[in-house]
Structure formats: C-alpha cells, structure tokens
Amino acid sequence: MNVLFLSPGFPTEMTDFVRGLAEVGANVIGLGDQPEHNVPEKARRALAAYYQVSFSRPESVLETAAAIGERVRIERIESLWEPLMILAAQIRELLRVPGMSQVETVPFRDKEAMKQVLDAAGIRTPHHHSAKSVDDVWKAIEQIGYPAIVKPIAGAGSADTFRVNDRAQLEKILPKLRHVEEVSVEEFVDGEEFTFDTICSEGRVLFYNMCWYRPRPLIGKTHEWVSQQTVALRDPDVPYLAAGKEMGHQVLKAMNFRDGFTHMEWYLGPDGEAVFGEIGARPPGGQTVDAMNFASDVDLFRSWAEAAVHGRISQPLERKFNAATVFKRAIGEGRILRYVGLDRLLAELDPWVAAVELNPIGALRRNWKQQLVGDGMVVVRHPDLQTCAEMADRIGTELQIIAG
Ligand SMILES: Nc1ncnc2c1ncn2[C@@H]1O[C@H](COP(=O)(O)OP(=O)(O)OP(=O)(O)O)[C@@H](O)[C@H]1O
Ligand SMILES: [Mg+2]
C-alpha cells in the first residue's frame, strides 16, 4: 500500500509512526518541510521517497502532492500532527483518496464546532459560547457565570487558557488574548481529568486507553514547581471511570470517526458525572504513546500502522502496569548543572523505572511555559495504581534538576 505521510520527521514521535508503517509493509512517501538530511534517521530509513515542501505555502504542497499522485497511486494519506490535519484532508480530496474530508476534520480542530456536534448528540459538554470581540466575551460571561475558562477556539498545549473567578480576573486576562482571533468561554468544570484514547479501523475501536492527569494540566501549566504526571492506567474498566468510557464511545460515533488514533480529554466531576473536554483525531502528545507502550510492553506505533494498513491489530495488548510519565522542570536559569536525588531514586525504585530521559548536564534549561516535556521525564510503572502514584510523586518531589 502506498501511503503519503505528512511531516515524517517532526514532531519526534512521527518517526516511530513512519517506522511502524514500513514494518507492516507500507510503501511510505514522506512530505515534510525539513531538508531531507534533517529528517531523523529512523524515519529516513522507513521512507521510500521524501519530498521537501513548505507547509506555510499549502498551494505548493498541493501541487507537489498532485505531481506525486500522477506517478504513484496513493491509497492513504496520514497526518498525526494537529496543524497539518486540514491540509491532509485537502490532499485527500484533491487525489480522491478515502479518509477524513475537510468537512469531517473541522469539528476535530474547531472547539466550538466540535461541541455543537456533540451537543446535538446529547453529550454533556461544558456550557460554552464563542466570542470574537471583548464585548462578546462579556456577553458570554453573563450567560455562563464564574468561575469560567477562556481559551482559544483552536488551542493546543493549554496555551492562552485562563481560569477566571471574577470580573477583575477577566479584565486582567483580556489584553493577553488580543492576538487570539476567536475564543471559547466555558463553564469551569470541577473534578479530575482523564483521557480516552483509541485506535480505530472502519469505525471499530480496536484498542482504547485511559490516562489520568495529575494534577489537572491547567494547574501544572500555571505553577512552575509542579512536576506534571500522565498516568496510563492499567485498568480503564473500573466502575469509577465507566461514565467516561461510555461517553468516549458515544463521542466517536457522534463525530463519525472511522480510522486512526483519537485522543479525547474528559472531566470526572465530584458527583461522578463525566463531562466532555476535547477530542483530536490524532494520538496524544507529550510522549503519551510511550507511556501507553510501557503500560503493556507493546509497540502501539506499529499497532496504529497495522490498523491503518491492514485493518487489524495482531499483537496482544494486555495491560500489565500503570505507567506514569513525570515531567521535570529545572530549578534556576542557565545550563543544567546537576541532578539531585537521581541515583538514590533509581536504586530505591528499581525495577520499576522504565525510562529516564533528562535534559543533559551542560544543556540550556528549557522554557517550561512553552514545552510540556520541560527538562525531561522519568517513567515509573507498577501493577498497583497507588504504588505507581507514590513512586511518581517521589520523582516529582525528590528529584531535582539544578540549573545555573
Ligand atoms: N471548561 C473547563 N473546565 C475546567 N478546566 C478546563 C476547561 N477547559 C479547559 N480546562 C483546563 O485547561 C486545560 C487546557 O484546555 P484544553 O484541553 O481545552 O486546551 P488545549 O490547549 O487543547 O490543551 P492541550 O493541548 O494541553 O490538551 C485542560 O486540560 C483543563 O485543565
Ligand atoms: Mg487539552
């Protein structure tokens, strides 16, 4: 099968999806805006051909795609990176390749359109209004009340997302949103935050996963001292999470999703109610696919590829562990000087540490506001959730990365 893959070398996770495609026998043609020599080796090895394009000039990408389509019969067009999803749909329409069209893609990109589809299907979304001007925001707040969330309609990585508890707070954040064309004003939903992630083929859910965010991402995004955790759960079938799982399946149906990875976020209210957060027609970011792999000792990059090319997943996907990714942020500015507590923790938590990928000594510390992964991560895993959470909290509090 000839697969056209958008951006095989960036973000880094893409290299593994491309590798997976080649492993299941696909002939992968890459389209990316990196020069070929900058495409990581893992992806380059898996590609039958690569064309450099400029994604900021969609017209020229369409031209290149059309030229490729003249020479080879493209059977699938894959893009697992949010900013390129609409472009991928345009190429599908141009080359008449089956898969998500632009009209089907929009509700996955535009959070207001998304909620309209789900509201129509009777799914519990946060009360919401979209606003294009300061006046509209004030009008929306009158309807919704405090506390509320104000966020971009097509946001990612919690960028420009604010909780406002009263009038004064809203006044303060409005200038910060000046560059955002359209915002969504939402009821603030209290509770815990989870994901529901799937790999589908022809509308069937072949695999699903749930992650537990500790703490809620907006809190982690607001306070530098927090070491954000994503915990891929060993048992997403417990009654406690049943409402979210049921909602997840309903959402996929309402969105008419058929093939590929999905990543949904949802809230579990104090009263047990599941409330929809958002959904992407793509895998979760933040190295979450790795966490899911560590939870089951599997290769979901390859499973996704097998589902895409052959419509099945043949490797057994038995969940063995809860796997927690703990993201660390350096203390201090400048270059990484040393790690405090790492050797002791690795010895004490043995054999439950699955991965350590920290920003190396001597490297510049990273901007924690811009990068979820911060200065790296440690993955711990354990069959028992409480034990896993305790180990993750020890990485959070006892491991320090010192910069200076
Ligand atoms: N209505 C809401 N009620 C409570 N919290 C919310 C609400 N909307 C957003 N948040 C908080 O803000 C975070 C980011 O919002 P959301 O997931 O909608 O945006 P995003 O920028 O696409 O996020 P990301 O790319 O980080 O997943 C959520 O994870 C949640 O913690
Ligand atoms: Mg989100």
Q: Give the stretch 22-56 a look and list any residue that's assigned to a loop (DSSP other than H, G, I, E, B) and touching a residue at least 60 places away in the same chain (Cβ under 8 Å), or say none.
A: V24, G25, A26
Q. What number goes with the only condition from (1) over 24 Å from D299 (Cα atoms); (2) crowded, with 22+ Cβ neighbours inside 10 Å; (3) of a type in the set (F, W, Y) that F55 does not pass?
A. (2)
Q. Can we say E357 is in the same structural domain as R216 (by TED's automatic domain parsing), in a strand (DSSP E or B), among the acidic types (D, E) and modelled with pLDDT of 95 or more?
A. yes
(Q) Looking at the stretch 157-170, I want the residues that are more than 15 Å from Q371 (Cα to Cα) and part of a helix (DSSP H, G or I) and have a partner that is within 16 Å of ligand 2 (Cβ to nearest atom) and of a type in the set (A, V, I, L, M) with Cβ atoms under 9 Å, at least 6 apart or on another chain. Which pairs are those? (A) L170/V150
**Q.** Candidates E181, E192, filtered to the one that is acidic (D, E), surrounded by fewer than 21 Cβ atoms within 10 Å (Cβ to Cβ) and modelled with pLDDT under 95
**A.** E181
Q) Just checking, how many residues over the stretch 208-245 are outside any helix (DSSP H, G or I), away from ligand 1 (no atom under 16 Å from the Cβ) and surrounded by fewer than 19 Cβ atoms within 10 Å (Cβ to Cβ)? A) 5
Q) Can you name the residue in the stretch 143-156 that is away from ligand 2 (no atom under 12 Å from the Cβ) and assigned to a strand (DSSP E or B) and, of all such residues, is nearest to the chain's Cα centre (by Cα)? A) V150
(Q) Restricting to the stretch 137-166, name every residue that is surrounded by fewer than 17 Cβ atoms within 10 Å (Cβ to Cβ), charged (D, E, K, R) and under 24 Å from F108 (Cβ atoms). (A) D160
Q: Would you check if V205 is among the hydrophobic types (A, V, I, L, M, F, W, C), away from ligand 1 (no atom under 11 Å from the Cβ), surrounded by fewer than 20 Cβ atoms within 10 Å (Cβ to Cβ) and not assigned by TED's automatic domain parsing to the domain that holds M255?
A: no
Q: Residue by residue through the stretch 338-369, note down the ones that are out of contact with any strand residue (DSSP E or B) (no Cβ under 9 Å at 6 or more places or on another chain), under 21 Å from K221 (Cβ atoms) and free of Cβ contacts under 8 Å to residues at least 24 places away in the same chain.
A: N367
Q) Pick from V180, V185: which is part of a strand (DSSP E or B) and over 21 Å from V231 (Cα atoms)? A) V185
Q | Residue match in the stretch 219-231 (condition: more than 14 Å from ligand 2 (Cβ to nearest atom) and over 19 Å from V373 (Cα atoms)) | A | no
Q: With a cut-off of at least 1 residues that are more than 16 Å from ligand 1 (Cβ to nearest atom), of a type in the set (D, E, K, R) and surrounded by fewer than 21 Cβ atoms within 10 Å (Cβ to Cβ), name the strands (runs of 3 or more DSSP E) lying wholly within the stretch 246-351.
A: 336-340
Q.
All but one of (1) under 19 Å from S303 (Cβ atoms); (2) over 22 Å from the mean Cα position of the chain (by Cα) hold for E36; state the number of the condition that does not hold.
A. (1)
Q: Go through the stretch 21-41 and give me each residue that's among the small types (G, A, S) and either in contact with a strand residue (DSSP E or B) (Cβ under 9 Å, 6 or more places away or on another chain) or modelled with pLDDT under 95 (or both).
A: A22, A26, G30, G32
Q) E224: modelled with pLDDT under 95 and not hydrophobic (A, V, I, L, M, F, W, C), yes or no? A) no
Q. Under the condition of being touching a residue at least 12 places away in the same chain (Cβ under 8 Å) and more than 16 Å from ligand 2 (Cβ to nearest atom), which residue from the stretch 105-121 is surrounded by the fewest Cβ atoms within 10 Å (Cβ to Cβ)?
A. A120
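The values are calculated or read from the model by the stated rules, or taken from the named source; none is laboratory data. None of these values were measured; they are calculated from a predicted model. Reconstructed Cβ throughout: ideal geometry from the backbone, glycine too, with neighbour counts over all protein chains shown.
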